[in-house]
Amino acid sequence: MRSLAEIDGTVTALSDELYHYRLREGSISHSWSLNNVKDSWFAFSEKFNAMPDYQDKLLGERFRPIMRMWMSYSGYSREEKADARKILREMQAFSKKNFNRVMKGNYPQRMKIICLLAQSKSAPVMWISYCGGKLRRILNNRKHRMFE
């Protein structure tokens, strides 16, 4: 996959990935707090809108915060849910707008499921997504511990 960098208003595509990082439990990349999800959504939105020629490649990145919102929403407090509703509506509108593009495109099955789930406004569907997210995190933690 090609890395993209925005420099002085121009876009440069690099064939090599020039960075390496380690994911640690408790790091910000593992935090699915509302503020982290909101920040991710706004950052990916800005990047997506700034590079219209690369939107097909960036579409997957744009669905990452949607997945995190769906898998976290049911665990938020009442105040956080009220704060999240506006962004949730933006995410649903984005998902609806790109539904055919995702479903007909050569995107991973997981992304298609996220796009499909994001169409719903149903509390039970969000709760099931939340439980699926919790199960996924538990299984990932067990997998990482096996290799330490």
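Rule-based calculations on the coordinates, nothing more; no lab input. Computed from a predicted structure; not experimentally measured. Neighbour counts are summed over all protein chains in view; Cβ atoms, including those assigned to glycine, are modelled from backbone coordinates with ideal geometry.
Residues in segment 45-83 that are hydrophobic (A, V, I, L, M, F, W, C) and closer than 18 Å to LYS121 by Cβ: PHE63, ILE66, MET67, MET69, TRP70, MET71, ALA82.
Can you tell me how many residues in segment 69-85 are in contact (Cβ under 8 Å) with a residue 12 or more places away in the chain and surrounded by fewer than 22 Cβ atoms within 10 Å (Cβ to Cβ)? Give the steps one after another, and end with the answer.
Here is the first cut: in segment 69-85, the ones in contact (Cβ under 8 Å) with a residue 12 or more places away in the chain are 69-76, 80, 83-84.
Still in the running and surrounded by fewer than 22 Cβ atoms within 10 Å (Cβ to Cβ): 74-76, 80, 83-84.
Total satisfying the criteria: 6.
Pairs meeting the criteria (first residue in segment 98-116 and among the aromatic types (Phe, Trp, Tyr), second residue outside any helix (DSSP H, G or I), beta carbons under 8 Å, at least 6 apart or on different chains) are PHE99/GLN119. Among the residues of segment 45-68, those that are surrounded by fewer than 19 Cβ atoms within 10 Å (Cβ to Cβ) and among the aromatic types (Phe, Trp, Tyr) comprise PHE48, TYR54.
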